[in-house]
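The values are calculated or read from the model by the stated rules, or taken from the named source; none is laboratory data. The shown structure was predicted, so the numbers you read here are calculated from the model rather than taken from an experiment. Methodologically, a virtual Cβ is constructed for each residue, glycine included, from the backbone with ideal geometry; neighbour enumeration extends over all protein chains shown.
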Amino acid sequence: MILVTGATGTVGREVVRQLVEAGRPVRALTRDPAAAAAVLGDGVEFVAGDLGRPETLPAAVAGADSVFLLSGGGPETPLHDANLGQAAAEAGVGHVVKLSIIGAEYEFTDLVSTWHLAGERALRQIGARPGGPAWTFLRPGEFTSNARLWAGPVKAKGTVFWSQVDTPVAVVDPRDVAAVAVTTLLEPGHQGQTYRFGGPEPLTVRERVAKLGAALGRELTVVDVPIAAARDAAAKSGRQPLVVETTLGNLTREEFQVHAVKVLPTFEKLVGRPPLTFDQWVADHIEIFR
């Protein structure tokens, strides 16, 4: 049995889909099992619980061999990771695969990277105890699916409002992130490893928008928005302003610009195929922009 947290999110639901496709028993931890069942469909066991409520976790991890841990990117991340790690240790779970972040690889000092790095450290400490679970940390770069945030302005005005639009990033498809997770969950030899990976080519926001426009058959414009304005817009849209500001602020950091542009062989070595391109992601999701 494999427990998946964050199972209805962009990466989590794809992890579930790929595990079910591989014929593996999957259990999804969710606050609302009925709603999750509507999203994930058949072939999945559901358990009500919350990483922030440790008393709900023993039932979630009972009988599980391994866990895919997606704990978000807020200040609660270290506590949530520790809660899950402790429950896994007490239940005799053998392996926890945590979805982390590029900044943990290079110890960036922004808040989101710091939170994930603290979560990793908590899992390392728990794993080092007798009976503690082995760990694997996945450290992808920016997701191609962040382009979903452009859908409203593209449909309304043919314009993308974003920050640091000329910074190239090797964006990675969430389906590929899930493929790495599934590989490390199902194949031996990944315990105690960290994997930094990204997409097949570095692209600026301008270049990504141009590709999207070509797929739509219309010219799109790009407006470079100050980070403070992006933070305020995030607050109005219900996203966490601090997380958005930190994420966009990373684009101005020299260390991020050096590392995020790198095209790495990690994904192909792990999964056995090239990573999906941004063009492929656009082709598969074009209807959300029409």
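Observations
- Residue list for the range 21-43, filter: among the β-branched types (Val, Ile, Thr) and surrounded by fewer than 17 Cβ atoms within 10 Å (Cβ to Cβ): VAL39
- Yes/no for PHE68 being in the same structural domain as GLY189 (by TED's automatic domain parsing), surrounded by 13 or more Cβ atoms within 10 Å (Cβ to Cβ) and free of Cβ contacts under 8 Å to residues at least 60 places away in the same chain: no
- Listed by first and then second residue, the pairs with beta-carbon distance under 9 Å, at least 6 apart or on different chains, first residue in the range 80-107 and in the same structural domain as LEU186 (by TED's automatic domain parsing) and buried (at least 20 other Cβ atoms within 10 Å of the Cβ), second basic (Lys, Arg) and assigned to a loop (DSSP other than H, G, I, E, B), are ASN83/ARG53.
- Taking (1) more than 20 Å from ILE101 (Cα to Cα); (2) surrounded by 24 or more Cβ atoms within 10 Å (Cβ to Cβ); (3) polar (S, T, N, Q) in turn, THR5 satisfies each apart from (1).
- Condition check for ALA170: surrounded by fewer than 21 Cβ atoms within 10 Å (Cβ to Cβ), of a type in the set (A, V, I, L, M) and either at pLDDT 95 or above or within 16 Å of PHE267 (Cβ to Cβ) (or both): no
- Residue check for SER113: surrounded by 21 or more Cβ atoms within 10 Å (Cβ to Cβ), small (Gly, Ala, Ser), on the phi < 0 side of the Ramachandran plot and not assigned by TED's automatic domain parsing to the domain that holds VAL15: no
- Note on the range 173-213: residues that are of a type in the set (Gly, Ala, Ser), in contact with a Leu (Cβ under 8 Å, 6 or more places away or on another chain) and surrounded by fewer than 21 Cβ atoms within 10 Å (Cβ to Cβ) amount to 2.
- PRO153 meets all of the listed conditions (1) at pLDDT 95 or above; (2) part of a helix (DSSP H, G or I); (3) over 17 Å from the mean Cα position of the chain (by Cα) but one, namely (1).
- In this structure, ARG121 does satisfy being surrounded by fewer than 19 Cβ atoms within 10 Å (Cβ to Cβ), over 16 Å from the mean Cα position of the chain (by Cα) and under 17 Å from LEU70 (Cα atoms).
- Against the numbered list (1) closer than 21 Å to PRO140 by Cβ; (2) modelled with pLDDT under 65, SER237 comes up short only at (1).
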